[in-house]
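The values are calculated or read from the model by the stated rules, or taken from the named source; none is laboratory data. All figures in this text were calculated on a predicted structure; none of them were measured in a lab. Positions of Cβ are generated from backbone atoms using ideal geometry, with glycine treated the same way; all protein chains shown enter the neighbour counts.
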Amino acid sequence: MPPRGPRRLLPWGGARWVRVVPALLALTLLGRSALESPAAGPPTAILHAFDLPYSRVAAAVCAWGVEGWSHVQISPAQRSHPGPFAAPMGWARRYQPIDHAVIDGLGSEDALRELIRRAHGCGVRVIADVVFNHMADLDGRPDREDPLVYPGLRREDFQGLPGSPLRRPCRDIDSRVPGRGGYDDGNRDAELGCWLGSLPDLAFTANVRRIHKAHLDRLLALGIDGVRFDAAKHMPPAVLREYVDHVAAGSGGRGWSYLEVIQDGDTRAEHTSGIAAVTDFTLYGALRRLFRWGGDLRSLPAPALADPRSVTFGRTHDNLAEIRPRREEALDPWEDPSDAWLATAYVLARQDGTPLVLAGDAAAAPYLRAGARFRRILAARARLGRAVSETILRVIDSPELLVLQRGGEGFAVVNKAAAAFDQPVLDLTLTDLVGCYRELRHGFTVAIERQGAKTAVTRWGGGGRGGLAIGPREALFFVRVPGALCRS
């Protein structure tokens, strides 16, 4: 393997999250008819506007739609822990609810309404993140049943208060058994009644469910198109089904929900996948092995959940070491974020799954925006009945190069090496690729032609060359276009 050279870590956050590339706004290359506005229903690609104020999301959402994202996911909307939180953990307060009856924190109810109005005006749907498993840790205050602390909640709505024998931190369940902890004690039900650290765990009484459904109704009335249920493995499946059905009924069947299920020794996706789509941590674990330094891309395709709806990702906010004071607080983080971006390119190129991409990652790695457009175009062509099935091509024997075909309609190339890759001759005889293809970010064309019994790349961009060439740490996405574009 060629040496990678020094690693370069890009900062997380700031204005880069909403940076707009002017070329994207021009809708060049294929035009709006080829991209199509996203239809209501399942997303083609979700951009996670993690911890962004709703006014900033509203300002950027139409540009994101042009880039190819069908849905934008916002951070939780309910009134949350007032803080203060020292950087870099300020985002965590959004996942510590105080009052589900009030929208406040990243923006007011009016700001959220305006965000949704703008998004719908340019064909983008909005997914809301909701936190229903627990409430905020208010520094161990004993008066948790006080309505001024948690409006509408009563003592019996909690699994246990400080000092109560019912209080069981998840990581300490069955800690008396040597070698076994809270997430690997062989008891799936234990995760349903434990506390996430110091966060007061809710019992799903009729009162709690009423409060949660009222929050969902408020979001639906504003026009929300889908819901992510945080910490879903800590909630009873019957309650999750009740909430998902409530979203479906309240949206007239158009709402799209998914469940955050972090798999462990006790929890498998199958426990809840019959209720809604779930997060695919099986795929994430495989990607971390294959796309890091020393990983072998010839082992692709990576193991993944069998459910084609599953939410797939190169990383989520749970995996970000950059936003935590200590690296060990992140869930299986990458050593190099650029490895995660290349893994995300693979996620976008695949046929199955519902890709979720952090807005910060899409800003840092421009090829991910091309991947979102690629996915939208292929989804549109699939609706027209064209073949877009996924195949990993074994046309180049390299541990650091991936070539993934999507029927005859497109293909993607990912190079995770620190050096450019250049192969002057590329035989594609056993593939479905033939015709003219255009790269969505750079705009150059590739011609793949039959020559007797063989099929080969006869043109790769300009300069009269064939084969394949890609820069270091790069991903390219190609879609089929009229052949005349390869003859100009």
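All conditions in (1) over 18 Å from the mean Cα position of the chain (by Cα); (2) closer than 29 Å to Asp110 by Cα hold for Ala238, with the sole exception of (2).
Taken over segment 419-442, the criterion of being without any contact (Cβ under 8 Å) to a residue 40 or more places away in the chain and in a loop (DSSP other than H, G, I, E, B) is satisfied by Leu428, Thr429, Leu430, Leu433, Val434, His442. Residue check: Val131 meets all listed conditions (1) farther than 19 Å from Leu356 by Cα; (2) surrounded by 21 or more Cβ atoms within 10 Å (Cβ to Cβ) but one, namely (1). Taking the conditions exactly as written (surrounded by fewer than 23 Cβ atoms within 10 Å (Cβ to Cβ), over 23 Å from the mean Cα position of the chain (by Cα) and outside the structural domain of Arg309 (by TED's automatic domain parsing)), does Gly193 satisfy them or not? The answer is yes for Gly193. Within segment 443-469, being crowded, with 16+ Cβ neighbours inside 10 Å and touching a residue at least 60 places away in the same chain (Cβ under 8 Å) holds for one residue alone: Leu468.
Report, by residue number, each residue of segment 291-316 that is outside any loop (DSSP other than H, G, I, E, B) and either touching a residue at least 60 places away in the same chain (Cβ under 8 Å) or crowded, with 23+ Cβ neighbours inside 10 Å (or both).
Pass one, segment 291-316, residues outside any loop (DSSP other than H, G, I, E, B): 291, 297-299, 311-312.
Selection gives Phe291, Leu297, Arg298, Val311, Thr312.
Across segment 126-143, not a single residue is classified as in contact with a Cys (Cβ under 6 Å, 6 or more places away or on another chain), assigned to a loop (DSSP other than H, G, I, E, B) and at pLDDT 90 or above.
Being farther than 17 Å from Asp230 by Cβ, touching a helix residue (DSSP H, G or I) at 6+ places or on another chain (Cβ under 8 Å), modelled with pLDDT under 95 and not assigned by TED's automatic domain parsing to the domain that holds Val395: is that true of Leu290 here? So Leu290 does not fit the description; no.
Taking the conditions (1) within 22 Å of His134 (Cα to Cα); (2) part of a helix (DSSP H, G or I); (3) hydroxyl-bearing (Ser, Thr, Tyr) in turn, Tyr284 satisfies each one other than (1).
Take Gly105 and tell me if it is within 24 Å of the chain's Cα centre (by Cα) and at pLDDT below 95. Spell out how you get there, then give the answer.
Numbers: within 24 Å of the chain's Cα centre (by Cα): yes; at pLDDT below 95: yes.
So Gly105 fits the description; yes.
Count, please, the residues in segment 354-383 that happen to be buried (at least 23 other Cβ atoms within 10 Å of the Cβ), not small (Gly, Ala, Ser) and not in a helix (DSSP H, G or I). Adding up the residues that qualify gives 5.
Go over the candidates Asp189, Asp184 one by one and state the one that is in contact with a Gly (Cβ under 7 Å, 6 or more places away or on another chain), modelled with pLDDT under 80 and not polar (S, T, N, Q).
On the way: Asp189 fails: in contact with a Gly (Cβ under 7 Å, 6 or more places away or on another chain).
Answer to the check: Asp184.
Exactly one residue out of Val414, Val395, Val425, Val434 is of a type in the set (Val, Ile, Thr) and surrounded by 20 or more Cβ atoms within 10 Å (Cβ to Cβ), and it is Val414.
Among the residues that make up segment 371-392, is at least one of them over 26 Å from Ser70 (Cβ atoms) and touching a helix residue (DSSP H, G or I) at 6+ places or on another chain (Cβ under 8 Å)? Full working, then the answer.
Keep residues of segment 371-392 that are over 26 Å from Ser70 (Cβ atoms), which gives none.
There is no residue in segment 371-392 that is over 26 Å from Ser70 (Cβ atoms) and touching a helix residue (DSSP H, G or I) at 6+ places or on another chain (Cβ under 8 Å).
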